[in-house]
Protein chains: 2
Amino acid sequence: MPAQPNQSLIDGLRVLQTLVSHGQSVGSRDMAAILGMEPTRANRLLGTLAAVGLAEQGTDRKYRPGPGVHVLAAQSLQGSHLLSCALPHLEALREENLAPDLVVALGVLWQRQVCYLFHARPRMALSQAIGTHELEPAGNSSIGVILLAQTGVGEEVALAEAELSGISKPPLPSLSESVAHARREGFGRLDFRQGEVSLAVAIGEPVIAGLAVSAKFEAAQIPVALARLQETAALIAREMARKS
Amino acid sequence: MPAQPNQSLIDGLRVLQTLVSHGQSVGSRDMAAILGMEPTRANRLLGTLAAVGLAEQGTDRKYRPGPGVHVLAAQSLQGSHLLSCALPHLEALREENLAPDLVVALGVLWQRQVCYLFHARPRMALSQAIGTHELEPAGNSSIGVILLAQTGVGEEVALAEAELSGISKPPLPSLSESVAHARREGFGRLDFRQGEVSLAVAIGEPVIAGLAVSAKFEAAQIPVALARLQETAALIAREMARKS
DNA sequence: GATTGGAAGTGCTTTTATAGCAATTTGATT
DNA sequence: AATCAAATTGCTATAAAAGCACTTCCAATC
């Protein structure tokens with residue numbers, strides 16, 4: 001933490017990240033409530049984002065991402081390198097016969113939610129798998145589990161679990177159990193109701209993202225899939241390191 | 001412009017956008033010089049970005065994008081929708097036989113530079129075309145030309161032209177001529193030395209991005225390519241509108 | 001190893017931008 | 001037209017930010 005952090009910038013970035021992740025437009029009072037912020041403050045920060053093009057208002061006066069977000073997307077994609085390093089490997093992973101109806105995903109953790117850069121269902125064209133999947137609570141995603149396991153302190157996991165309890169979803173083991181398992185084993189695993197198993201590994205040291213495959217694996221195929229995941233994660237991490 | 005814009009947020013965003021677009025790490029004094037900012041200020045804003053994970057320092061103490069940029073990339077990709085709406089259409093465009101050795105590109109304009117979300121050279125895999133192309137001065141790109149034509153006031157064009165004169169590149173017509181032509185005709189066109197022609201149209205109203213194809217076109221094929229570009233831009237714009 | 005120089009970072013204090021309260025404006029609903 | 005709630009603004013006190021001077025750090029040079 002620097003000697004004099006700039007609080008306006010910190011709070012403004014919180015507003016921006018919430019706005020672009022929200023999935024629907026949001027009023028300034030709602031934004032204030034979401035962030036636990038005094039309403040005038042939220043309104044002023046949103047207005048500032050609008051002034052620079054990162055937000056805009058609809059006829060209902062609610063705020064949504066503005067034209068500057070396309071620029072920010074292009075810039076941060078380039079600054080990040082993650083998607084460009086990972087994509088060829090994700091493609092290769094999909095082309096293997098790890099399991100029928102394989103899902104492949106690449107995601108990052110933000111406030112106990114998984115934000116997917118890539119999420120490809122079976123037979124989905126690559127061009128439809130990029131930046132199209134909605135946010136997921138960390139506890140509903142093996143990527144969330146492995147990322148919480150590697151980055152989350154106890155409070156963060158408890159918070160994620162509390163958030164999960166208000167959401168109607170298929171029953172999963174308790175999040176803290178999943179996280180503990182991931183800490184022991186070094187990978188995330190979630191078993192869904194219809195026999196689907198989702199496996200995730202971390203990318204990078206320190207961890208920057210999670211890579212997952214999901215399918216109805218034969219039991220004997222799970223270690224194979226896991227090994228392949230780990231290999232792919234290592235390739236991506238190496239390529240990322242080379243770009244730095 | 002709101003009654004009370006937050007100047008710290010505005011300046012912090014400038015620093016962030018410059019950092020993630022820069023392509024190499026940058027010291028705090030250099031950042032100050034680039035942005036015409038007092039050095040302590042730049043240092044403090046960079047330190048703040050580092051505190052929230054959007055920047056990090058290497059052993060040389062220079063700043064580069066930090067792990068939070070992967071999150072920001074994922075979030076802004078989702079908030080933007082542009083790449084996800086455009087990708088299937090870009091893929092379709094590449095699969096047509098508009099010309100041999102066709103380049104297809106999608107870019108946005110930032111400070112008289114084109115930042116590419118997508119830039120595919122001939123025979124390049126889709127997975128290698130996303131977020132991989134470096135920034136280009138607007139005057140070297142037909143996307144830049146059309147975007148300046150539709151958004152740039154006179155000063156902006158003059159600035160872009162001045163910036164271009166310091167860069168060694170193949171000779172092109174003067175930028176203001178290209179921009180004037182684009183304003184008249186409604187599309188951007190640049191003719192390069194080896195007979196390559198680059199054509200670009202704007203996406204959206206108001207314009208949000210530019211779409212270009214580039215090749216050694218037969219003269220008779222140019223209107224065909226242009227019509228196809230315009231169609232594709234309209235499809236993308238319609239899909240973007242549907243998502244709002 | 002010691003010295004030098006430049007960059008990053010900090011402490012301090014003044015400055016001013018920001019925050020929050022209260023009032024106004026806006027737009028939808030009845 | 002009246003009502004209500006959300007967005008926005010004006011005003012002013014204050015706390016955060018800015019900038020100057022100094023300190024720390026690190027790489028290069030001797």
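The values are calculated or read from the model by the stated rules, or taken from the named source; none is laboratory data. Only a predicted model underlies this, so the values are computations on that prediction, with no experimental measurement involved. Note that each Cβ is placed from the backbone with ideal geometry, even for glycine, and that neighbours are counted across all protein chains shown. Calculation scope for accessible area: heavy atoms of the full protein, side chains included, ligands and nucleic acids excluded. Shrake-Rupley method; radii C 1.70, N 1.55, O 1.52, S 1.80 Å.
Would you mind checking the tilt of helix A:39-51 against the longest principal axis of the Cα atoms of chain A, expressed as 0 to 90 degrees and rounded to 10?
In chain A, helix A:39-51 runs at an angle near 80 degrees to the longest axis.
Which residue fluctuates the most in chain B, going by a Gaussian network model with Cα springs under 10 Å, if the choices are B:L13, B:L211, B:L98?
With Cα springs under 10 Å in chain B, the top fluctuation among B:L13, B:L211, B:L98 is at B:L13.
Stick to the Cα atoms of the range A:198-242, pair each with every other, and give me the Kirkwood hydrodynamic radius in Å at one decimal.
Value: 10.9 Å, from the Cα pair sum.
Given the DSSP H assignment, sum -39500 (n - 2.57) over each helix run of at least 4 residues in the protein assembly as shown and divide by its residue total; what's the result at 222 nm in deg cm²/dmol, nearest 500?
-15500 deg cm²/dmol
Once the Cα atoms of helix B:142-151 and of chain B are each reduced to a long axis, what angle between those two axes, in degrees from 0 to 90 to the nearest 10, is obtained?
Approximately 70 degrees, to the nearest ten.
How high is the FRET efficiency between B:S174 and B:Q230 when r is their beta carbon distance and R₀ equals 25 Å, given to the nearest 0.05?
On the way: r = 26 Å, r/R0 = 1.03.
That gives a FRET efficiency of 0.45.
Would you mind computing the Rg to Rh ratio of the range A:81-243 from its alpha-carbon coordinates, Kirkwood style for Rh? The partial results should precede the final answer.
On the way: Rg = 14.6 Å, Rh = 15.6 Å.
Radius of gyration over Kirkwood radius for the range A:81-243 works out to 0.94.
Relative to the first principal axis of the alpha-carbon coordinates of chain A, what is the inclination of helix A:82-95, with its axis defined by its Cα atoms, in degrees from 0 to 90 and to the nearest 10?
Helix A:82-95 and the main axis of chain A meet at about 30 degrees.
Quickly work out the B:D101-to-B:L159 label distance, labels modelled 7 Å from Cα along the C-beta direction, and quote it in nm with one decimal.
Between B:L159 and B:D101, the label points sit 3.6 nm apart.
Longest span of chain B, sites excluded, free of trypsin sites (Lys or Arg not before Pro) in DSSP loop with at most 10 other C-beta atoms within 10 Å?
Of all site-free stretches, the longest is B:124-192.
Please build a GNM for chain A, connecting alpha carbons under 10 Å apart, and tell me which residue among A:G154, A:G204, A:G107 fluctuates the most.
A:G154
Mind computing the radius of gyration and Dmax over the alpha-carbon atoms of the range A:1-146? Å is fine for both.
In Å, with Rg to one decimal and Dmax whole: 17.8, 55.
I'd like the carbon and sulfur percentage of the solvent accessible area for the range A:57-133, probe radius 1.4 Å, heavy atoms only, ligands and nucleic acids excluded.
Working: 1170 of 2730 Å².
After summing per-atom areas, the C and S share lands at 43 percent.
Report which residues of the range A:106-144 become buried by 30 Å² or more of accessible surface when going from the isolated chain to the complete set of protein chains (1.4 Å probe; DNA, RNA and ligands ignored).
Residues shielded by partner chains are A:V108, A:C115, A:L117, A:L126, A:S127, A:I130, A:G131.
On full extension of the chain, what length is gained from A:R183 through A:D60, given 0.36 nm per residue of separation minus the C-alpha to C-alpha distance?
Result: 39.6 nm gained on full extension.
Ignoring ligands, DNA and RNA, what accessible area per residue does chain A give at 1.4 Å, in Å²?
44
Please state, rounded to one decimal and in Å, the Kirkwood hydrodynamic radius that the range A:7-69 gives when every pair of distinct Cα atoms enters the mean of 1/r.
For the range A:7-69, inverting the mean 1/r across all distinct Cα pairs yields 11.1 Å.
Per residue of the range B:23-38, in order, report the coupling 6.51 cos²θ - 1.76 cosθ + 1.60 (Karplus, θ = phi - 60°) as ³J(HN,Hα) in whole Hz, putting x for Gly and Pro.
With the stated coefficients, the range B:23-38 comes to x, 8, 6, 9, x, 5, 5, 5, 4, 4, 5, 4, 9, x, 10, 4 Hz.
Can you tell me the mean projection area, over all orientations, of the convex hull of the protein assembly as shown's alpha carbons? Units nm², please. The partial results should precede the final answer.
On the way: hull surface 94.8 nm².
If you wrap the Cα atoms of the protein assembly as shown in a convex hull and average its projections, you get 23.7 nm².
Compare B:D60, B:D101, B:D30 in a GNM of chain B, Cα atoms joined below 10 Å, and give the one with the largest fluctuation.
In this elastic network of chain B, the residue with the biggest mean-square fluctuation among B:D60, B:D101, B:D30 is B:D60.
What size of dipole, in debye to the nearest 20, comes out for the range B:13-146 about its Cα centre when the only charges are +1 on Lys and Arg C-beta atoms and -1 on Asp and Glu C-beta atoms?
Details: 11 positive and 10 negative charges, 102 e Å.
Using only the charged Cβ atoms, the result is roughly 500 debye.
Using a 1.4 Å probe and counting only protein heavy atoms, how much accessible surface gets buried when A and B come together, both sides summed, in Å² to the nearest 100?
5300
With an 8 Å Cα cut-off and a minimum separation of 6 or more residues, compute the relative contact order for the range A:12-164 in percent. Working shown, then result.
Working: 189 pairs, mean separation 19.9, N = 153.
Relative contact order of the range A:12-164: 13 percent.
List the aspartates and glutamates whose Cα lies under 19 Å from the Cα of B:K243, skipping any in the same chain that are fewer than 8 positions away.
Cα-Cα hits under 19 Å: A:E56, A:D60, A:E134, B:E205, B:E231.
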